[in-house]
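Here is the structure we will look at.
The values are calculated or read from the model by the stated rules, or taken from the named source; none is laboratory data. The shown structure was predicted, so the numbers you read here are calculated from the model rather than taken from an experiment. We place every Cβ from the backbone using ideal geometry, glycine too, and count neighbours over all the protein chains shown. Side chains are part of the model used for accessible areas, which takes the heavy atoms of the whole protein and leaves out ligands, DNA and RNA. Shrake-Rupley method; radii C 1.70, N 1.55, O 1.52, S 1.80 Å.
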Amino acid sequence: MKIKKISALIIGLIILSSSIFADEKKTQVELSLSLNWTLGCYKETTFSNISQTIISPRFQLDSKIFSTNWLHHITADYFFSHPKSAMTETAVVYKNFDPISGETYFQGFQSELAFHRIRLQYDAGYNVLKNEKYNLYVGGNFSTNAYLQFENYPSITGIISIGPSTTFNYKLDERNSFMVTSSMPLFGYGVRPPYAGCDAQLMKYAEENFMKILTLGNFLSLHNYQSIFLEFDYKLRAAKNFSTGLGLSFEYSRIAVPKERPLYYLDGTFKTMISINF
């Protein structure tokens, strides 16, 4: 009896192991690194009611996990620029106050405005339409965004949001394929100062307990936060586990918090990328 039980246990383990390895064979991981060129503009009305032109490099890291009927997609990207405007091209003379002498004086000031954008997003989609040529994944995403503008004082907007997303993957042949991705936020929470620079309460909370800054935020939805993201990627498989590709993306965001001084962000991006899969 013991021999039969051991034999049954071994056979069960073999069957279980084979099923696990079978599932692993269905799982494919793809890592992509891309250098993007961003052409767009943003309008940060808490700082100055003018549009700023952006032509700058953008770095993006993607991880895609294709597991049976699921697609897990993690994206991290960052870009930095010194936007050009009338404020940055010429020096500004402003009136300052000396607290010791009590007198006022004029001082020249050359703006060195810096703009940063950081995005970290996770998308999960279920394959609802598939055959040998294409797959359509429908699901949702969780996204965190930070818009950072630095002058004399920082102006930082931080947002977390959730919303629907879709991915369409089409295989042209054994070497060529393309993927179209779209997403948008429906609900979120954001912290944004009412003007360029940290207000007194925000600075006070930062000194006392940084997490208290989150209490200064607002709940976001379509009435005060609209955004859409579209991306098109073409991939050419150069070797068994190595691919190169090109891509285009478009993004528009409007963050109306506070209502009187919204932030607008609009850009189109050209992408060059390399990918490895295993």
For the pair residue 171 and residue 28, the simple spin-label estimate (label points 7 Å beyond Cα toward Cβ) gives in nm 0.6
Mean accessible area per residue over the range 200-278 (1.4 angstrom probe, all protein chains present, square angstrom) is 59
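Using only the heavy atoms of the protein chains and a 1.4 Å probe, how would 223, 116, 82, 73 rank by accessible area, largest first?
The residues order as 223, 82, 116, 73, largest area first.
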From the Cα centre of the range 210-253 to that of the range 118-197, the distance in Å is 3
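Expressed as a whole percentage, what fraction of the accessible surface of the range 125-278 belongs to carbon and sulfur atoms when a 1.4 Å probe is rolled over the protein heavy atoms? Don't jump to the answer; show the numbers that get you there.
Working: 5560 of 8340 Å².
Ligands and nucleic acids excluded, carbon and sulfur reach 67 percent.
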Interchain or sequence-distant (5+) residues whose placed amide H lies within less than 5 Å of the amide H of residue 217 are none
Once all protein chains are kept in place, residue 103 shows an accessible area at probe 1.4 Å, nearest 10 Å², of 120
